[in-house]
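Below: the structure, in structure tokens.
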Amino acid sequence: QVRLVESGGGLAQPGGSLNLSCTASGDDITPYAMGWYRQPPGKERELVVLSWPAGSINYADSVKGRFTISRDNMKSTVYMQMGNLRPDDAADYYCHALLVPSDYWGQGARVTVSS
């Protein structure tokens, strides 16, 4: 069983930056695909970015060039730097760990983008 705990988030102005962290416990995340998803108010959860264990990364088109994922397997932590934030980036952001057939979710971290 993997437990994921997000931290960071909060309020940013349009054009601003925020960072999210996701710390895992219960297993070594090295073989896991680690990702961030988000759920805007009233909308479905959507993929933001995936970091595959072999090193490749997939970003949603909406965040390419603005968001950056990184992972420190030794610290069991995944980071996401969010820059040039837009109002439509406002959402609850969830950390996700996938190692088929198991997957795990964090509790979510809220990001608000408002002037």
Quiz item: Would a scan of the range 68-79 turn up a residue that is open to solvent by 70 Å² or more (accessible area, probe 1.4 Å), of a type outside the set (A, V, I, L, M, F, W, C) and not in a loop (DSSP other than H, G, I, E, B)?
Solution: yes
Self-check item: Hits in the range 21-30 (condition: in a strand (DSSP E or B), surrounded by 14 or more Cβ atoms within 10 Å (Cβ to Cβ) and not hydrophobic (A, V, I, L, M, F, W, C))
Solution: Ser21, Thr23
Self-check item: From Leu11, Leu18, residue being among the aliphatic types (A, V, I, L, M), open to solvent by 20 Å² or more (accessible area, probe 1.4 Å) and either more than 29 Å from Met74 (Cβ to Cβ) or touching a helix residue (DSSP H, G or I) at 6+ places or on another chain (Cβ under 8 Å) (or both)
Solution: Leu11
Quiz item: Gly35 is checked against (1) open to solvent by 10 Å² or more (accessible area, probe 1.4 Å); (2) under 15 Å from Trp105 (Cβ atoms); (3) outside any loop (DSSP other than H, G, I, E, B) and fails just one. What number does that condition carry?
Solution: (1)
Exercise. Show the residue pairs that are 6+ apart or on different chains and have beta-carbon atoms under 7 Å apart, the first residue being within the range 86-98 and farther than 16 Å from Ser7 by Cα and open to solvent by less than 10 Å² (accessible area, probe 1.4 Å), the second being part of a strand (DSSP E or B) and of a type in the set (Val, Ile, Thr).
Key: Asp89/Val111; Asp89/Val113
Quiz item: Restricting to the range 1-16, what's the tally of residues that are more than 14 Å from Tyr93 (Cβ to Cβ) and polar (S, T, N, Q)?
Solution: 2
Quiz item: Pick from the range 39-67 the residues that are open to solvent by 50 Å² or more (accessible area, probe 1.4 Å) and among the aromatic types (Phe, Trp, Tyr): which of them is nearest to Tyr104 (Cα to Cα)?
Solution: Trp52
Self-check item: Search result, residues across the range 99-115 that are open to solvent by 60 Å² or more (accessible area, probe 1.4 Å), under 16 Å from Val5 (Cα atoms) and not aromatic (Phe, Trp, Tyr)
Solution: Asp103, Gln107, Arg110
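The values are calculated or read from the model by the stated rules, or taken from the named source; none is laboratory data. Model, not experiment: these values are computed from the prediction. A quick note on method: Cβ atoms are made from the backbone with ideal geometry, for glycine too, and the neighbour counts reach across all protein chains shown. SASA here: full protein model, heavy atoms, side chains in, ligands and nucleic acids out. Shrake-Rupley method; radii C 1.70, N 1.55, O 1.52, S 1.80 Å.
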